[in-house]
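Notes to accompany the following structure.
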Amino acid sequence: MSFEQLVEQLKSHLRARVGCSDDEIRVVRSPLRVSPLGAHVDHQDGLVTGMALDQAIYLAFVPRTDARVRVTSLNFEGCTDFSLDSIPPLVPQDWGNYARGAALALVRSHAIYLGLDAVVMGTMPIGGLSSSAAVGVAYLLALESANGLALTPQENIELDRYVENVYLGLRNGVLDQSMILLSDRDCLTFLDCRTMEVQRIPTAASPADYEILVVYSGIRKALVGTAYNNRVAECQEAAQLMLAWSGQPSTNGNSRLRLVDPGIYAQWGSRLPAPLDRRARHFFTELERVREGVEAWRAGDIGRVGELMRASGASSVHNYESGSPHLTSLYEILCACPGVYGARFSGAGFRGSCVALSNPAYREEIEAFISAHYPAKHPDIADWYSVHFCHTSEAARLIA
Ligand code: GLA
């Protein structure tokens, strides 16, 4: 389906549902994201990289004259319906949580009174591409537009952090919403999660030399309640121990591995008990891979970026121990695939997708290689996995 057809589909649903005219309808496009390097270091205030994809969440809406928010989805059943005056608490596993969370984040910090009627849809299978942050950002931008607010990307990053950390209870970092709100076409976004300093880095390589390969594993499972929050706690415990051993001031239980100087890690890291030693090893080696990868990207050395992605994937498997049998198989298959520069888990890596950088000349071989190996190893997902060749795009914004 073309972009125009997709937007028209959303608009016609909204016209049919609320009887509005075409020129009243506004549309937000909020891209999905990948992170070539910088796995699971954002919640420790580390260094991350990412890109916004040409696959997105689209939200068509009309502002209302009262405080009601009514949303339907082309991907999920039912209607999310609430008032800004009394926003209901989290409903486990419900797609309406993102609208409620975004509304709550805004109501707490800004004078907003007007709700909206909206229809939302995503263009990719859910998992590993941060559709949750993309949809959260889409609701934020729509509610801000309906209420005449103009917020900076940094303010929206903090609002979406509230949605994820407080409303949804996931102790994640700011990688997802930052890439969605700060990225640009043909650039790698490099973010320091401690200072929030951002660089959008073009590459000396030609856009014809690489594309972004996303392979959806066919596995979909909720992120909250998985090992994600446990890993965050382990990283914090490792930081706490090293800070204490080296006589650093106490952080009152709010330690982050980024507070640990690499020299202190070199001196004290070997004392860490398992598995904290592996979590810290992942953090410090990933920071080096991010720094080197950013320079390789800038210089146009996509092959080297790919090698670093493989090393990042291996560290996720052996040190961070995220992954799942399906995702680990996919990662191994992609690493052996002709035309793939490098691959790793996309996102948290407990479900969802793998991301790779690939050579556009090898599209057919890549599809054939994956279909020859992946479903044979995991017949349960044979009807569910999918292969997508993607490109970069610009950040989330109102497009109509
Ligand atoms: C998920 C989280 C992010 C980040 C990645 C792993 O996408 O939402 O904050 O931690 O996993 O890099």
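The values are calculated or read from the model by the stated rules, or taken from the named source; none is laboratory data. Model, not experiment: these values are computed from the prediction. Note that we place each Cβ from the backbone using ideal geometry, even for glycine, and neighbour counts take in every protein chain shown. Ligands, DNA and RNA are excluded from the accessible area calculation, which covers all protein heavy atoms including side chains. Shrake-Rupley method; radii C 1.70, N 1.55, O 1.52, S 1.80 Å.
Laid out as a table, the results:
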{"item": "Filter result (open to solvent by 40 Å² or more (accessible area, probe 1.4 Å) and among the hydroxyl-bearing types (Ser, Thr, Tyr)) within region 359-392", "result": "TYR362, SER371, TYR385"}
{"item": "Which listed residue, of ASP94, ASP23, ASP45, is over 23 Å from the mean Cα position of the chain (by Cα) and open to solvent by 40 Å² or more (accessible area, probe 1.4 Å)", "result": "ASP23"}
{"item": "Test result for ALA361, part of a helix (DSSP H, G or I), more than 16 Å from the ligand (Cβ to nearest atom) and either more than 17 Å from the chain's Cα centre (by Cα) or over 30 Å from HIS43 (Cα atoms) (or both)", "result": "yes"}
{"item": "Those residues of region 155-178 which are in a helix (DSSP H, G or I), near the ligand (Cβ under 10 Å from one of its atoms) and more than 16 Å from LEU104 (Cβ to Cβ), in sequence order", "result": "LEU175, ASP176, SER178"}
{"item": "Which listed residue, of ALA356, ALA395, is open to solvent by less than 40 Å² (accessible area, probe 1.4 Å) and assigned to a loop (DSSP other than H, G, I, E, B)", "result": "ALA395"}
{"item": "Tally, over region 8-39, of residues that are within 30 Å of ALA311 (Cβ to Cβ), in a strand (DSSP E or B) and not charged (D, E, K, R)", "result": "3"}
{"item": "Residue match in region 179-194 (condition: farther than 30 Å from GLY263 by Cα, at pLDDT below 95, more than 16 Å from the ligand (Cβ to nearest atom) and touching a Pro at 6+ places or on another chain (Cβ under 7 Å))", "result": "no"}
{"item": "Check on ARG185, open to solvent by 10 Å² or more (accessible area, probe 1.4 Å), of a type in the set (Lys, Arg) and not in a helix (DSSP H, G or I)", "result": "yes"}
{"item": "Residue among ALA244, ALA238 that is under 20 Å from ASP45 (Cα atoms), away from the ligand (no atom under 14 Å from the Cβ) and open to solvent by less than 10 Å² (accessible area, probe 1.4 Å)", "result": "ALA238"}
{"item": "Search result, residues across region 266-293 that are of a type in the set (A, V, I, L, M) and surrounded by fewer than 19 Cβ atoms within 10 Å (Cβ to Cβ)", "result": "ALA266, ALA274"}
{"item": "Enumeration of residues in region 207-224 that are more than 14 Å from the ligand (Cβ to nearest atom), modelled with pLDDT under 95 and assigned to a loop (DSSP other than H, G, I, E, B)", "result": "ARG220"}
{"item": "Residues (of a type in the set (Gly, Ala, Ser) and touching a residue at least 60 places away in the same chain (Cβ under 8 Å)) located in region 347-376", "result": "GLY347, ALA348, GLY349, GLY352, SER353, ALA356, SER358"}
{"item": "Qualifying residue in region 114-123 (condition: surrounded by fewer than 24 Cβ atoms within 10 Å (Cβ to Cβ), in contact (Cβ under 8 Å) with a residue 24 or more places away in the chain, more than 27 Å from SER83 (Cβ to Cβ) and within 16 Å of the ligand (Cβ to nearest atom))", "result": "no"}
{"item": "Residues that are closer than 30 Å to ARG278 by Cα and out of contact with any strand residue (DSSP E or B) (no Cβ under 7 Å at 6 or more places or on another chain), drawn from region 17-74", "result": "HIS40, HIS43, GLN44, ASP45, GLY46"}
{"item": "Region 50-61: number of residues that are more than 10 Å from the ligand (Cβ to nearest atom) and open to solvent by less than 10 Å² (accessible area, probe 1.4 Å)", "result": "7"}
{"item": "Residue in region 305-317 that is of a type in the set (A, V, I, L, M, F, W, C) and away from the ligand (no atom under 16 Å from the Cβ) present", "result": "yes"}
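So that you can scan it fast, the table gives a plain yes or no per residue for (1) at pLDDT below 95; (2) of a type outside the set (D, E, K, R); (3) within 16 Å of the ligand (Cβ to nearest atom):
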position	(1), (2), (3)
LEU6	yes, yes, no
SER12	no, yes, no
SER30	no, yes, yes
GLY38	no, yes, yes
LEU47	no, yes, yes
PRO88	no, yes, no
VAL91	no, yes, no
